[in-house]
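Okay, so here's the structure we're looking at.
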Amino acid sequence: MEPLPLPSHIHYETILQILERKSQQIADQDPLARTQIQQLILTVRKALSQQKQLERSCEQLRLPYEHHWSLTNQGPD
């Protein structure tokens with residue numbers, strides 16, 4: 001069975017760092033932008049949480065999955 005490809009957790013962390021450290025500083029000058037960025041941060045955190053739930057389900061069902069770091073295929077076809 002082919003493993004289920006899932007994003008590496010580090011991708012979520014990178015996005016969150018950009019949003020929290022860089023974008024939030026700039027958006028602090030605009031209340032609407034600040035609100036939208038905070039909502040986006042929550043969405044990314046929820047996506048990571050949902051992925052972790054999926055991973056736990058896969059483990060319980062013994063379904064293989066693997067974390068991918070990019071869109072390029074890492075192994076032979």
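In the range 19-42, the qualifying residues are those that are exposed (fewer than 12 other Cβ atoms within 10 Å of the Cβ) and among the β-branched types (Val, Ile, Thr), and the one that is modelled with the lowest pLDDT is 26.
In this structure, is residue 10 under 21 Å from residue 70 (Cβ atoms), within 13 Å of the chain's Cα centre (by Cα) and of a type outside the set (Ser, Thr, Tyr)? Yes. Quick check on this structure: which one of 16, 48 is open to solvent by less than 70 Å² (accessible area, probe 1.4 Å) and touching a Phe, Trp or Tyr at 6+ places or on another chain (Cβ under 7 Å)? After ruling out the rest, the residue left standing is 48. Can you say whether residue 70 is assigned to a helix (DSSP H, G or I) and either more than 14 Å from the chain's Cα centre (by Cα) or loosely packed, with under 10 Cβ neighbours inside 10 Å (or both), as far as the supplied structure shows? No: the conditions fail for residue 70.
The values are calculated or read from the model by the stated rules, or taken from the named source; none is laboratory data. A quick note: this is a predicted structure, and the numbers were derived from the prediction, not measured. Cβ coordinates were reconstructed from backbone atoms using ideal geometry, including for glycine residues, and neighbour counts include every protein chain displayed. Side chains are part of the model used for accessible areas, which takes the heavy atoms of the whole protein and leaves out ligands, DNA and RNA. Shrake-Rupley method; radii C 1.70, N 1.55, O 1.52, S 1.80 Å.
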